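K.L.:
Below is a structure I'd like to ask you about.
The values are calculated or read from the model by the stated rules, or taken from the named source; none is laboratory data. Predicted, not measured: the structure shown is a model, and the values here were computed from it. So basically every Cβ, Gly included, is an ideal-geometry build from the backbone, and we count neighbours across all protein chains shown. Heavy atoms of the whole protein, side chains included, go into the accessibility calculation; ligands, DNA and RNA do not. Shrake-Rupley method; radii C 1.70, N 1.55, O 1.52, S 1.80 Å.
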Protein chains: 2
Amino acid sequence: MHSFTEENYLKTIYYLAARQEGEVTTNSLAEMTATKAASVSDMLRKLAEKQLIHYRKYQGVRLTEEGERLALKVIRRHRIWEVFLAEKLGFGWDEVHEMAEELEHIRSEDLVQKLDAFLGYPQFDPHGDPIPSPAGQMPTVEYTKLSEVTIGEEVQVMGVLEHSPEFLQHLDKTGLNLGCRVLVQDVNAFDKSVSVQINHEKTLFVSNEVARNLLVN
Amino acid sequence: MHSFTEENYLKTIYYLAARQEGEVTTNSLAEMTATKAASVSDMLRKLAEKQLIHYRKYQGVRLTEEGERLALKVIRRHRIWEVFLAEKLGFGWDEVHEMAEELEHIRSEDLVQKLDAFLGYPQFDPHGDPIPSPAGQMPTVEYTKLSEVTIGEEVQVMGVLEHSPEFLQHLDKTGLNLGCRVLVQDVNAFDKSVSVQINHEKTLFVSNEVARNLLVN
DNA sequence: ATAAAAATTTAGACTCGTCTAAAAATTTTT
DNA sequence: AAAAATTTTTAGACGAGTCTAAATTTTTAT
Ligand SMILES: [Mn+2]
Ligand SMILES: [Mn+2]
Ligand SMILES: [Mn+2]
Ligand SMILES: [Mn+2]
């Protein structure tokens, strides 16, 4: 069995690897896990011993097949629990992540399987992130950032890149929920802010900062 | 905040105190928590420092008000999760305890509150154990052991004293589920085994060992 | 009332995951 | 190509929770 801590490191390595090219660095892991580089170094040695990562000193780190399988298992559990919390218990998408961080470590194949069935085999979590298959495959989705959409195009909000409660609450307040239709009316040449029409109703301005973190299509 | 381990000790002290008179002993705690007396001694010192137990060396241990409040919180979470696992996910009453042992430590007031509402504020868990109130009160129930019931009386199965999967699976096999009606037809004078009629249908023999662990109304 | 037995606590050690400070390797700058 | 800056690793320590072995206290038996 693997500890909570090991599971968290694997998950974090997976996420960092997904968003850059090449190996994941010690410092980026330290930042993400809110620990110090020295602690990360220690843990990397342990994970390498257990064959969960490929690790060459000073050269960064990469998941082995087994490590990726485990990381995806944890991510699957996390996202399924998020669906449960949002759909069944009525939590907002800004509240579910923190609880899922704990629930994802509950160890029982059976539990996640039954929960998945109870939820009707959801494909996406409340943030629009795809749920890995039981076999450990991450579905590929190709979404565009709202900031990349050209004027005149109408798209649908499919997910978010930024997951902080503050950002999600901001979207709630402006009415930019998952699934809502967005027509790009204009892009400001100076600050790249976007003027959009939501669901063929109200018009609003979206800063580039927000637009870069909204996945559409 | 309190650690998983501290929560488990408090819960165990509560259970041991409930089933004996007087203080709880170091050895009984070591047995229940599957650790050694030396480890228990250490932990008792820590819990006493935190004012969660009354502790005089060599004289056993008793929960403080704060300690009992915490213990009941953990027990409440445990039993609510058990209801969820049985009612919503379809697990058997022999399967839920182990998972609830982990889920009971998920820290969120909001989560247990919403889960409670989702389940319709259940009063009893799948084993017939009462669920402590949000305020931290353990409901009093007065049940009798089936082994104490006199011939001719008809009672209803309300709970179990023994919670092992083996015992519960045995009850499943013989059809002695929660809520079923039991008419005591005869008690064997030699081994105290009981001849009972279930739901006015089939008759079966129940060993004294089983009858002592069945709570009836 | 002693002695023996049992229960409990203390002492010292170990693992896990973390830290700070120092050393070593790599990368960047000049 | 050196020197400087940055990144990473190692060394040594710590807290939580556990262990075994030894010391101490309490209980039971003689
Ligand atoms: Mn999340
Ligand atoms: Mn999510
Ligand atoms: Mn239980
Ligand atoms: Mn129960």
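K.L.:
Please report the carbon-and-sulfur percent of the accessible area for segment B:22-100; probe 1.4 Å, protein heavy atoms only, DNA, RNA and ligands left out. Write out the running numbers ahead of the final one.
P.N.:
Working: 1830 of 4120 Å².
Carbon and sulfur: 44 percent of the exposed surface of segment B:22-100.
K.L.:
Something else now. From Cα pairs below 8 angstrom and at least 6 apart in sequence, can you work out the relative contact order of chain B, rounded to a whole percent?
P.N.:
15
K.L.:
Find out how many positive minus negative residues lie around A:Q137, taking Lys and Arg as positive, Asp and Glu as negative, among other residues whose Cβ is under 11 Å from that of A:Q137. Display every interim value, and only then the final one.
P.N.:
Working: positive: A:R69, A:R76; negative: A:E68.
Spelling it out: positives minus negatives among the neighbours equals +1.
K.L.:
I need to check one value: relative contact order of segment A:144-216, counting alpha carbon pairs closer than 8 Å and at least 6 residues apart, in percent.
P.N.:
Working: 131 pairs, mean separation 30.7, N = 73.
Taking the mean separation of contacting Cα pairs over the length of segment A:144-216, I get 42 percent.
K.L.:
So what is the calculated 222 nm ellipticity per residue for chain B, using -39500 (n - 2.57) for each DSSP H run with n of 4 or more, over all residues, to the nearest 500 deg cm²/dmol? Display every interim value, and only then the final one.
P.N.:
On the way: 8 runs with 86 residues, N = 217.
Value at 222 nm, helices only: -12000 deg cm²/dmol.
K.L.:
Give me the distance between the Cα centres of segment B:45-100 and segment A:108-152, rounded to whole Å.
P.N.:
Here the answer is 35 Å between Cα centres.
K.L.:
Find the all-direction average of the projected area of the Cα convex hull for chain A, expressing the result in square nanometres with one decimal place. Don't skip to the answer; put the middle values down first.
P.N.:
Working: hull surface 53.1 nm².
Mean projected area for chain A: 13.3 nm², to one decimal.
K.L.:
Within segment A:1-85, report the chymotrypsin sites (Phe, Trp or Tyr not before Pro) that DSSP leaves as loop and that have at most 14 other Cβ atoms within 10 Å. Please report the intermediate quantities before stating the final value.
P.N.:
Working: sites: A:F4, A:Y9, A:Y14, A:Y15, A:Y55, A:Y58, A:W81, A:F84; in loops: A:Y58.
For chymotrypsin sites (Phe, Trp or Tyr not before Pro) across segment A:1-85 that sit outside H, G, I, E and B with at most 14 neighbouring Cβ atoms in 10 Å, the list reads A:Y58.
K.L.:
A 25 angstrom limit on the alpha carbon distance is what I want to check against. Which of A:K114/A:K145; A:K73/B:K88; B:K145/B:K202; A:K88/A:K114; A:K88/B:K73; A:K36/B:K114 exceed it?
P.N.:
Details: A:K114/A:K145 34 Å; A:K73/B:K88 23 Å; B:K145/B:K202 21 Å; A:K88/A:K114 14 Å; A:K88/B:K73 23 Å; A:K36/B:K114 36 Å.
Distance filter (> 25 Å) returns A:K114/A:K145; A:K36/B:K114.
K.L.:
Can I ask one more? Find the Cα radius of gyration of segment A:4-63, compare it with 2.2 N^0.38 Å by division, and give the number to two decimals. Don't skip to the end; give the middle numbers.
P.N.:
On the way: Rg = 10.0 Å, N = 60, 2.2 N^0.38 = 10.4 Å.
In units of the globular-protein estimate, segment A:4-63 measures up at 0.96.
K.L.:
How many percent of the alpha carbon pairs in segment B:144-216 exceed a separation of 15 Å?
P.N.:
Considering segment B:144-216, 46 percent of its Cα-Cα pairs are separated by more than 15 Å.
K.L.:
Taking only Cα atoms, what is the 0 to 90° angle, nearest 10, from helix B:65-83's long axis to the longest principal axis of chain B?
P.N.:
50
K.L.:
Could you report the buried accessible area between B and A, both sides summed, computed with a 1.4 Å probe and given in Å² to the nearest 100?
P.N.:
Numbers: alone 12260 and 12270 Å², together 22860 Å².
So the total buried area for this chain pair works out to about 1700 Å².
K.L.:
At B:D172 and A:Q197, where each label point lies 7 Å from the Cα along Cα→Cβ, what is the point-to-point distance in nanometres?
P.N.:
It is 5.9 nm.
K.L.:
Taking just the C-alpha trace of segment A:92-168, give me its Rg and Dmax in Å.
P.N.:
Gyration radius and largest Cα-Cα distance of segment A:92-168: 15.2, 49 Å.
K.L.:
Quick one: accessible area per residue over segment A:165-205, 1.4 Å probe, rounded to a whole number of Å²? Display every interim value, and only then the final one.
P.N.:
Details: 2490 Å² over 41 residues.
On a per-residue basis, 61 Å².
K.L.:
Return the carbon/sulfur percentage of the accessible area of segment B:155-199, one whole number, probe 1.4 Å, all protein chains in place.
P.N.:
Details: 1170 of 2230 Å².
It is 52 percent, rounded to a whole number.
K.L.:
Taking the Cβ-Cβ separation of A:A135 and B:V141 as r and a Förster radius of 51 Å, what is the calculated FRET efficiency to the nearest 0.05?
P.N.:
Working: r = 46 Å, r/R0 = 0.90.
Using R0 = 51 Å, I get an efficiency of 0.65.
K.L.:
I need the chymotrypsin sites (Phe, Trp or Tyr not before Pro) found in segment A:132-203, filtered to DSSP loop residues with at most 10 other beta carbons within 10 Å of theirs. The partial results should precede the final answer.
P.N.:
On the way: sites: A:Y143, A:F167, A:F190; in loops: A:Y143, A:F190.
Within segment A:132-203, the qualifying chymotrypsin sites (Phe, Trp or Tyr not before Pro) (loop, at most 10 other Cβ atoms within 10 Å) are A:F190.
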